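The values are calculated or read from the model by the stated rules, or taken from the named source; none is laboratory data. In this text, all values refer to a predicted model and were calculated from it rather than measured experimentally. Here the Cβ positions follow ideal geometry from the backbone for every residue, glycine too, while neighbour counts run over all protein chains shown.
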């Protein structure tokens, strides 16, 4: 009976003991130390001793981004602040930024996890790694830097620079690996083409794509235009970081680092756990994180668990990451942005809520940005163009500051928003 | 070698262990640390069959040992060195050892002799004192005798309950040196200790118990650096750090 595999979480029987032990001690600590988790358990009438097999995890309540925001800043920390050695702030998807803390051990685990993912992508101590991420993913920049340094590679850390300067660094510093989002990689590829630069003159060999799933066509395009091999990594932008799932040398699927995270796939509407192989929302539970344990965190990312074993030696759970989302988050250049967050930014800038607004990712030449259409009504209207322009600019600055992605604001008639089926 | 899942155990109505899962691999030293009353001794007593578990599973070398009579468990290769030594004071050192080897009876006198010699080689002081009454030995010598007595049955897994209690620091060092030597000779050790630092310095992995639950686990070097371990060892409750905030 003990060797019976835990079916829905698909951890092999010989590893299930270790994973169960980690899960139980995580729950015990979360229950003891975090009043939010304790309360949620009690509302469901359970305590950690009810979790006796990995399958029992489905009895636990979910944690959502809303909960992270409600417990801003330190409400979900499971250790005293004096044990925390780093506090990360991600822009988050609500009015509050998302705060996560790390103990020294947590940082060590992240460094080794990122290093493992990089190693899987063929990065060696001989490589030079360039990191180029938007401000919204700045925390990942630091994590990739430490992970690569742990591995012994040389790192060109994330710095805000124009595409032109990034290309210059890429040409002159001769990095062999670039970590960036698929959107930005496309922008780079387009830039090279426009300037007539030959990617073969660069030393770039590996492109690690993070933040959003790249389609096979997109990957083919990038591999061809930049003359590289692409690798996909998956992470959470808020907490606790990047590279918690990564591709192995077969590049056929993502491996979830299930020594540290327990994955589940659920129906985003009913919350029911789905059988293996079905597409649903990816839910993650931390197994080793000390400062900031997450219990059944709803990522909003859609994925499915692949039942067959991989051709590679690694026995971690395999998933396929899908482009769609289960929530109202937009993924702009790999950065997750919530509609509500944008709306409250607009409200803050204008001093009132817009009657109608819509938002989407758009592209102008090679640049990808967040485009916001605001319907002009009486309250917003002014007969002075200057005035209208100033309002648009305040909105743009505010949302740009809140989300960390480039923004373009356009004032539109309500009818034209409807006509574009964006309302 | 030893796998425990969801163990619940206690004394009468008092529930001590609440859903404990842990395991010990062959050739490891695994330590259980925690404050007084955290359930460390209860865990060992439950594995040894001295206390009946109320629920959960215990598998030793592939065999289910839940509910097995305590006298049958050493024959499977799992012995316990109890807290406070508990040597037979009115018997001589050698008689104590022979008692420890009672399950070797079928293998005959030569095996028993060989085992005695092995123990004397490991603990030379016991050879010097072989004819002395066990009750006249010092605390450290009694601890060595208790360990040697357990080793007489050629166990695969030795469970030790608080071997350092009441011993002078130098003697504690000797005891821990022997524990490492046992591991190096291929034995497996499950070590319960209040002296978290000493235990983690020799162990491969550890579990931290708090009021009958595992709250932390990891490799020994990792735990040694952990602020929480220091607190668990000091016996302070999280409430002292949290109540003001949570």
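For this structure, a couple of remarks:
- Single residue of the stretch B:71-91 satisfying the filter (under 26 Å from residue B:139 (Cα atoms) and surrounded by fewer than 17 Cβ atoms within 10 Å (Cβ to Cβ)) that is modelled with the lowest pLDDT: B:84
- Checking each residue in the stretch A:68-98 for being crowded, with 20+ Cβ neighbours inside 10 Å, touching a helix residue (DSSP H, G or I) at 6+ places or on another chain (Cβ under 8 Å) and more than 10 Å from chain B (Cβ to nearest Cβ) picks out A:76, A:88, A:90, A:91, A:92, A:93, A:98.
- Some residue of the stretch B:99-120 being touching a helix residue (DSSP H, G or I) at 6+ places or on another chain (Cβ under 7 Å), under 30 Å from residue B:212 (Cβ atoms) and either at pLDDT 90 or above or within 14 Å of another protein chain (Cβ to nearest Cβ) (or both): no
- Residue count, the stretch A:52-66 (criterion: crowded, with 19+ Cβ neighbours inside 10 Å and under 27 Å from residue A:93 (Cβ atoms)): 4
- The residues listed here are B:91, B:104, B:97; of these, the one that is under 21 Å from the mean Cα position of the chain (by Cα) and in contact (Cβ under 8 Å) with a residue 12 or more places away in the chain is B:97.
- Test: residue A:337 is under 25 Å from residue A:237 (Cα atoms), in contact with a helix residue (DSSP H, G or I) (Cβ under 8 Å, 6 or more places away or on another chain) and part of a loop (DSSP other than H, G, I, E, B): no
- Listed conditions (1) farther than 30 Å from residue A:67 by Cβ; (2) in a helix (DSSP H, G or I); (3) in contact with a strand residue (DSSP E or B) (Cβ under 6 Å, 6 or more places away or on another chain) are all met by residue A:231, apart from (2).
- Pairs, first over 25 Å from residue A:235 (Cβ atoms) in the stretch A:188-211, second surrounded by 20 or more Cβ atoms within 10 Å (Cβ to Cβ), C-beta under 7 Å, six or more apart: A:199/A:192; A:199/A:226; A:202/A:170; A:203/A:175; A:203/A:176
- For the criterion of being assigned to a helix (DSSP H, G or I), facing another protein chain (nearest Cβ under 8 Å), at pLDDT below 95 and buried (at least 17 other Cβ atoms within 10 Å of the Cβ), residue A:49 passes.
- In the stretch A:16-46, the qualifying residues are those that are part of a loop (DSSP other than H, G, I, E, B) and surrounded by fewer than 21 Cβ atoms within 10 Å (Cβ to Cβ), and the one that is nearest to the other protein chains (Cβ to nearest Cβ) is A:46.
- Scan of the stretch A:267-301 for residues that are part of a strand (DSSP E or B) and either farther than 14 Å from residue A:256 by Cα or touching a helix residue (DSSP H, G or I) at 6+ places or on another chain (Cβ under 6 Å) (or both), ordered by number: A:273, A:280, A:281, A:297, A:298, A:300
- Residue A:175 vs. criteria surrounded by 24 or more Cβ atoms within 10 Å (Cβ to Cβ), part of a loop (DSSP other than H, G, I, E, B) and at negative phi: yes
- Total residues in the stretch A:354-390, condition touching a strand residue (DSSP E or B) at 6+ places or on another chain (Cβ under 8 Å), more than 20 Å from residue A:331 (Cβ to Cβ) and touching a residue at least 24 places away in the same chain (Cβ under 8 Å): 7
- Filtered by the rule that a residue be surrounded by fewer than 22 Cβ atoms within 10 Å (Cβ to Cβ) and within 19 Å of residue A:336 (Cβ to Cβ), the stretch A:99-135 gives a lone residue, A:135.
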